[in-house]
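Supplied in structure tokens, the structure appears directly below.
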Amino acid sequence: PSTAGRPDALVVGGGIGGLGAAFALARKGLRVRVLEQAGEFGEVGAGLQIAPNCTRILAEYGLLEEVEALGVLPENMVMRDALDSRELTRLDLRDLERRYGFPYMVVHRSDLHGVLLRACRRAGVDLRTGRRVADYENTGGGALVRLEDGGTQEAALVVAADGLHSAARRKLVGDAVVDSGHVAYRAAVPIELARGNGIAEKDVTLYVGPRCHFVQYALRGGEMFNQVAVFEAAGPENRGAPDELDAAFAGACDPVRKGIPLMWRDRRWRMLDREPVDTWVHGRIALLGDAAHPPLQYMAQGAVMAIEDGWVLAEHCARSAATAPAGARPDWDAALAAYQAVRTEHCRRVLTTARAWGELWHLDGERRLRRNAILRARDTYDYSFTDWVYGPTALAPDEEPPMFTPIPLSSAPAEDPGGGTP
Ligand code: FAD
């Protein structure tokens, strides 16, 4: 599509969500322009898990092979207790791929971002960097954005994919981020540095411990090793500083404790989310990705949901255009209403479940033992808690599968002989 003149859609933010949406809209024949504040498009150099509800969309985009060549297909996802390293439960990711039809993959963020960027270029998306959007406004037949440098740009549709601290969200919703008090450290290092720590190179391993958890997996065809260490930080002063990281995992099992010195210490991420909201669409301005639904990262669905958002929005734009006279543009309002109707509820479920997983993983004492007993009793091939997430992305509310409700901890006996606090 030509990008001269006014585009059909302006996408603010060139992260995974913004580029995913831009590509999705462009492949439906729409004229799309991306406005990114940074001087260059890019991503943090750490890992990303992408579940079958995302790889299904990448396959439809014709991008799965490219992503697969850059990533890793782990064999299992194994959950262990961080104190004694005993296995609690696992997903057999080969069987999971058979069930959902698409793989569970891990990929370096910048590799996935690069694939989306190249796909946008090929699809003729007008990609602009160094453009910081300061304000948004609905106009008669669309919406406009005001750039910090004073310029304005207008389109029939404006997609705000400007991330967790979204300026669009501040203006249109006005809520604040919610601080879980958890802090994450990350590392992606050459795998040689982690060999000898008792790592499982072919698996995604999640260690759950009192007030902390730790995730490990290999990246980039197995050359790199990714780790995420999350813990409940102490007081507000210098919250989650590196000495707290060391203390939080001091009593953990060997593969965890030995992994801690590899963590990047010059940067940490406060684990913030927001209360779910039902209104993401304000006139012709739509929130997407973390701007609409930043989760706590415990279901590994943040970037996945952002990619799903773009796919759903583009499908609805295309459907409404298909019923319009030849050459007419989509019925933007109908497409936006359909997008909001299905995505807000799905993402609300993921956000609230992610919070619940965080609590479950961080349990201590008697409740930890009850959790362990429940997880050990789970059948590896019971998919009731992943079907509602990893199945095909719904386009309408009646396609959304029922949500899995976890068993209350109080109903389980505590069988685990372990104990203690790291
Ligand atoms: P962002 O990536 O934040 O992109 C926003 C973009 O907008 C940026 O490029 C920014 O520069 C730009 N921007 C901001 N303001 C403006 C402005 N005013 N004007 C112009 N441009 C602007 N998700 C998964 O699916 N799987 C995982 O395994 C996973 N692991 C995670 C682990 C950790 C520790 C964390 C912190 C997150 C993890 N996530 C994971 C979540 C995932 O990273 C995010 O949900 C996802 O990257 C959000 O993408 P986005 O494009 O919506 O926002």
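The values are calculated or read from the model by the stated rules, or taken from the named source; none is laboratory data. No experiment lies behind these values; they were computed from the predicted model shown. Don't worry about glycine lacking a Cβ; one is built from the backbone with ideal geometry, like all the others, and counts go over all protein chains shown. SASA here: full protein model, heavy atoms, side chains in, ligands and nucleic acids out. Shrake-Rupley method; radii C 1.70, N 1.55, O 1.52, S 1.80 Å.
ARG122 to SER384: FRET efficiency via 1/(1 + (r/R0)^6), r the Cβ-Cβ distance, R0 41 Å, to the nearest 0.05?
0.55
Another question, if that's okay. Starting from the Cα of ASP364, move 7 Å in the Cα-to-Cβ direction to define the label point; list residues of segment 242-277 whose amide nitrogen is under 13 Å from there.
Output list for this probe position: 248-251.
Compute the accessible area per residue over the chain, keeping the other protein chains in place, probe 1.4 Å, unit Å².
Here the per-residue accessible area is 39 Å².
Using the Karplus curve 6.51 cos²θ - 1.76 cosθ + 1.60 with θ = phi - 60°, what ³J(HN,Hα) values do you get for each residue of segment 381-393, in whole Hz, with x for Gly and Pro?
9, 8, 9, 5, 8, 10, 4, 6, 9, 8, x, x, 5
Using helices alone, what [θ] at 222 nm do you get for the chain, with -39,500 (n - 2.57) per DSSP H run of 4 or more residues, divided over all residues and rounded to the nearest 500?
-9500 deg cm²/dmol
Please list, ordered by chain and number, the residues whose modelled amide H lies under 5 Å from the amide H of SER85; skip anything fewer than 5 residues away on the same chain.
Residues meeting the amide H criterion: CYS253.
Would you kindly give the portion of the calculated P(r) for segment 286-326 that falls above 14 Å, as a percent of all Cα pairs?
54
Moving on to the next point. With the Cα gyration tensor of segment 338-399 in hand, give its eigenvalues times 5 under a square root as the equivalent ellipsoid semi-axes, listed largest first in whole angstrom.
30, 15, 6
Of all DSSP beta bridges located in the chain, what percent are antiparallel, nearest 5?
Antiparallel: roughly 70 percent of the beta bridges in the chain.
Let me ask you something else. Counting Lys +1, Arg +1, Asp -1, Glu -1, what net charge surrounds MET263 among other residues with beta carbon under 11 Å of its beta carbon?
Once positives and negatives cancel, what remains is +2.
Working from the pairwise distances between different alpha carbons, so that the mean of 1/r is found and then inverted, what is the chain's Kirkwood radius in Å?
Value: 22.2 Å, from the Cα pair sum.
Hey, any idea what % of the chain's accessible area is carbon plus sulfur with a 1.4 Å probe?
Looking at the chain in its full context, I get 50 percent from C and S.
Please work out the FRET efficiency for the pair ALA356 and GLU154, using the Cβ-Cβ distance as r and a Förster radius of 45 Å; give the result to the nearest 0.05.
0.60
Also: From the phi angles alone, apply the Karplus equation (6.51, -1.76, 1.60; θ = phi - 60°) to segment 120-135 and give each ³J(HN,Hα) in whole Hz, x where the residue is Gly or Pro.
The phi angles translate into 4, 4, 4, 7, x, 5, 8, 9, 10, 9, x, 10, 9, 7, 9, 7 Hz.
Whole angstrom only: what separates the Cα centroid of segment 173-204 from the Cα centroid of segment 241-307?
After rounding, the separation between the Cα centres reads 9 Å.
What is the local net charge at GLY114, summed over the other residues whose Cβ is closer than 13 Å to its Cβ (Lys, Arg +1; Asp, Glu -1)?
Local charge sum for GLY114: +1.
Return the loop-located trypsin sites (Lys or Arg not before Pro) in segment 202-253 (DSSP other than H, G, I, E, B) with at most 16 other Cβ atoms within 10 Å of their own Cβ; answer none if there are none.
Taking segment 202-253 and a limit of 16 other Cβ atoms within 10 Å, the loop trypsin sites (Lys or Arg not before Pro) found are LYS202, ARG239.
Taking only C-alpha pairs under 8 Å that are 6+ residues apart, what is the relative contact order of segment 200-327 in percent?
Averaging sequence separation for qualifying contacts and normalising by length gives 12 percent for segment 200-327.
Okay, moving on. Taking H as built 1.01 Å from N, whose amide H comes closer than 5 Å to the amide H of MET271, not counting residues under 5 places away?
Hits under the 5 Å cutoff: SER180, GLY181, HIS182, VAL183, ALA184.
Quick check: residue separation of GLU40 and GLU399 times 0.36 nm, minus the Cα distance between them. What number comes out in nm?
125.4 nm
Show me, for segment 195-204, the HN-Hα J-couplings you get by feeding each phi into the Karplus relation (A = 6.51, B = -1.76, C = 1.60, θ = phi - 60°), rounded to Hz, glycine and proline as x.
So the J values, rounded to whole Hz, are 5, x, 9, x, 7, 9, 5, 9, 10, 8.
Take the alpha-carbon centre of segment 1-46, take the same for segment 85-139, and report the distance between them in whole Å.
About 14 Å separates the Cα centre of segment 1-46 from the one of segment 85-139.
With a point put 7 Å past each Cα toward its Cβ, work out how far GLU137 is from GLU97 in nm, to one decimal.
Distance between the two pseudo-spin positions: 5.2 nm.
Is any residue of segment 13-39 close enough, with backbone N under 16 Å, to a label point placed 7 angstrom from the Cα of ARG170 along the Cα-Cβ axis, and if so, which?
Counting backbone N atoms under 16 Å from the label point, the list is 13, 37-38.
A follow-up question, please. Count the net charge of all other residues whose Cβ sits under 14 Å from the Cβ of LEU147, scoring Lys and Arg as +1 and Asp and Glu as -1.
-2
Can you give me the P(r) profile for segment 136-280? Cα pairs, bins 5 angstrom wide beginning at 0, each as a whole percent.
Taking all Cα pairs of segment 136-280, the binned fractions are 2, 8, 15, 15, 12, 10, 10, 9, 9, 6, 3, 1, 0 percent.
Long-range amide H contacts for ALA134: which residues qualify at under 5 Å (H placed 1.01 Å from N, peptide plane, sequence gap of 5 or more or a different chain)?
ARG146, LEU147, GLU148
Over the chain, calculate the relative contact order: mean separation of alpha carbon pairs under 8 Å at least 6 apart, over the residue count, as a percent.
Relative contact order for the chain comes out at 20 percent.
How far apart, in nm, are two points set 7 Å out from the Cα along the Cα-to-Cβ line at ALA247 and at VAL189?
2.3
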